Amino acid sequence: MDDADITEWIDGDLDPAGHARFQERLRDPALAREFLRALHFEAALRVTAQARSHRLVIRSTPDDSISAQYDRLRRPFSLALRNPRFRFIAAAALLALFTLAWVAVAIVAEPRPVVARLVADAGTVTAAGRIVMVGGGRDLAAGDSIILEADAKATLRYADGTRIGFGACSQVTLGDEDAENLGKCLRFSCGELRAEVAPQPPAQPLRIISPRCEITVLGTRLAVASGATEQVQVDHGRIRVVRLADRSAAELIAGEQVDVTASGALAVTSTAPGPTDEPPPVSGLRLWLDADRGVEANTAGRISQWRDRSGQHLDLTQSNVASQPYRVDRAVAGHAAVSFDANDDHLRCLAPWPEFVSYTVAVALRPTSFGQWSQNFGSGWGSFVFHGDGQGGIYAGVGDVAGARFTPADLPSVRLSRNTWHWCVITYEQRSGRGDFSIDGRQVGSKPMPHPRSWGTFRVGRQEQGRGISMGGFAGDVQEILVYDRVLTEDERGILDRRFRVRLELAP
């Protein structure tokens, strides 16, 4: 740093770009001390040259930045640097001021807490304004930036084992972990990264903020490519992606990806080879419970809410921890499930239930034990209920008497198998007054049923039958439940069958 640079700064002659470069150079403690000495020297000479009383006060506290001291000392001219003969006159004043300046810099330059360590794997890598040699590393604090040239690769390592690898032409800044106690944060400007994230505290997820979206990670392996379209892929675990422009959100699980464009739907697609499950029909969809997405669980896996994906906001909740079911990751073919015990586990919809008469109800379930009123879900007899019996037989449909619902006598060939995945589809058509029952893609029953009453609510697990009487539980796992306000067409039923076969890894 030479006298000309300092003179231009004092005179205010630097343009914005020059000012930014000057400030960047001041990150070097040695140059900062040199600059501060020059400013104090200027102030002392000004006292002599102008022959007037002037008291210079330097305050130094942990919150007092070097930049603040510069601003207090700055003047619209640079007498000292333009007139060297005054330098000898102010020598005594400079000696005292230099001592104070040294103390100020020492206090301001206290080291910041280390957040992570960057290791350069190849090419030219700059971290916190300095080049990191290949094979070498540099400790980084919140606010430090990382820049990779076209030939570069680098790895950011956190103390908990989290590893984030950056590809060519990547630029990233470490966020402030302490600002809101939100956990690790990266602001990813461009390039590519791959992350292997150790399990994070529930309230402190890793956040990756790109120009278009914010990615929340609790523990997983993922990849992000930032450009005209940002692509996010998940190798393992689950993440939530929120587009910053309109707060549209998508949840991804292992083997899925999403392209984040400037607008339009966030379409989640599969990255895995082989067959993929088709999305379900959406026309008339009133409730969609998918164990892969929308399940809110605590650190022990207890579920307090199962969010409805249909857009109707008919979420199922349970505030009593003792009655909350569990989430089971990768329960079948990489998909999650919600697991209920045979006693008091249950989730219930508290929102007003929509009015409709005709319906299609589809469920993917795995019984773990059998008993009277096991595998319970629905709204109550007279509208819709599904449950099993002690031998794996099924009761399902509308009525609260045998003739108004399917019973094991109506379905003699149907038995649920313990610890085996099944999917069942139950329909009721208002115009014909008939109900149909299918299991594992086969229609096995059809009979007339009475007009159902209003559903009122929806529940999975222990059912309340009025007057404080509870009946049964679920005793098993649920992967997905769909409820429509109409009878699906044959083609739409085929879509559901193909979807469940892939999801449950069942042979066609």
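Listing for the model above:
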{"read-out": "Relative counts (whole %) of C-alpha pair distances in the stretch 116-270, using bins that are 5 Å wide", "value": "2, 10, 20, 23, 21, 15, 8, 2, 0"}
{"read-out": "Other-chain or far-sequence residues with amide H under 5 Å of Ala142's (modelled H)", "value": "Val115"}
{"read-out": "Percent of alpha-carbon pairs separated by more than 26 Å within the stretch 215-367", "value": "33"}
{"read-out": "Computed log₁₀ I(q)/I(0) - Debye formula, equal Cα scatterers, no solvent, the stretch 241-324, q 0.12, 0.23 Å⁻¹", "value": "-0.47, -1.25"}
{"read-out": "Amide H partners (placed H, <5 Å) of Thr271, local residues excluded", "value": "Glu256, Gln257"}
{"read-out": "Packing-based exposure ordering (other Cβ within 10 Å, fewest first) of Ile439, Ile426, Ile495", "value": "Ile495, Ile439, Ile426"}
{"read-out": "Karplus-derived 3J(HN,Hα), 6.51/-1.76/1.60, for each residue of the stretch 146-161, Hz, glycine and proline x", "value": "10, 10, 10, 7, 5, 9, 9, 9, 7, 10, 9, 10, 9, 5, 7, x"}
{"read-out": "Dipole magnitude of the stretch 285-503, debye to nearest 20 (Cβ charges: Lys/Arg +1, Asp/Glu -1, about Cα centre)", "value": "140"}
{"read-out": "Cβ crowding within 10 Å averaged over residues, with 290-300, 230-240 ranked highest first", "value": "230-240, 290-300"}
{"read-out": "Cβ charges +1 (Lys, Arg) and -1 (Asp, Glu), total dipole of the stretch 116-270, debye", "value": "100"}
{"read-out": "Fraction of the pair-distance distribution of the stretch 285-503 above 30 Å, Cα-Cα pairs, percent", "value": "13"}
{"read-out": "Filtered trypsin sites (Lys or Arg not before Pro), the stretch 330-433: DSSP coil and at most 10 other beta carbons within 10 Å", "value": "Arg431"}
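Bear in mind that the values in this text are calculations on the coordinates, not laboratory data. Predicted model only: the values in this text are computed from it and were never measured. With ideal geometry, Cβ positions are generated from the backbone for all residues, glycine too; neighbour counts draw on all protein chains shown.
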